[in-house]
Each structure stands twice: as structure tokens, then as C-alpha cells.
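Everything below concerns the one structure shown next.
The values are calculated or read from the model by the stated rules, or taken from the named source; none is laboratory data. None of these values were measured; they are calculated from a predicted model. Here the Cβ positions follow ideal geometry from the backbone for every residue, glycine too, while neighbour counts run over all protein chains shown. Accessible surface areas use protein heavy atoms only, side chains included; no ligands, DNA or RNA. Shrake-Rupley method; radii C 1.70, N 1.55, O 1.52, S 1.80 Å.
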Amino acid sequence: MANIKYYPEDELVQKVQSGEYGWLDYINHHSSEWQEEYTEFCNERNLVVNEESAEDFIEWKGELVETGE
């Protein structure tokens, strides 16, 4: 992805809460690492890249944080 601007997490949360961004935008503007992880997440689970799988990815990331992985 060329010239994507990355934002701090607090700004991304505000953009999602205001409706400016969806979860896919959140991932794409979080970091290149998250973009790669999300692509791998979708490939491993045979998911289509869309808002629904992006939300699943965000939930999965949250679970990893909760379990300390």
C-alpha cells in the first residue's frame, strides 16, 4: 500500500467512533505490521477482506492482549 498515513491508536479510535473510519480503515491506518497480520489472518481462515473480517481481526487482537500472548 503506497503512502498510507498511520495514526496513533487514540486517533484511530476517535475516527471509528465518529463513523469516519470502519474497522478495515482502522487496520490499514494502524501499521504495516497490522496490515500483514490481517492478510495472514484472512488467508488462514479463508476469509474475504472486508469490514466483517476486519472486525473479527480486531476482536482476535483484543483476545490476544487479554490472554497476554
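Output yes when any residue across the range 21-28 is without any contact (Cβ under 8 Å) to a residue 24 or more places away in the chain and within 9 Å of the chain's Cα centre (by Cα), and no when none is. Within the range 21-28, one or more residues are without any contact (Cβ under 8 Å) to a residue 24 or more places away in the chain and within 9 Å of the chain's Cα centre (by Cα).
Tell me the helices (runs of 4 or more DSSP H) entirely within the range 12-69 that contain at least 1 residues that are surrounded by fewer than 13 Cβ atoms within 10 Å (Cβ to Cβ).
Filter on the range 12-69 gives 32-45, 51-67.
Look at residue 4 and say whether it is open to solvent by less than 80 Å² (accessible area, probe 1.4 Å) and at pLDDT below 95. So residue 4 fits the description; yes.
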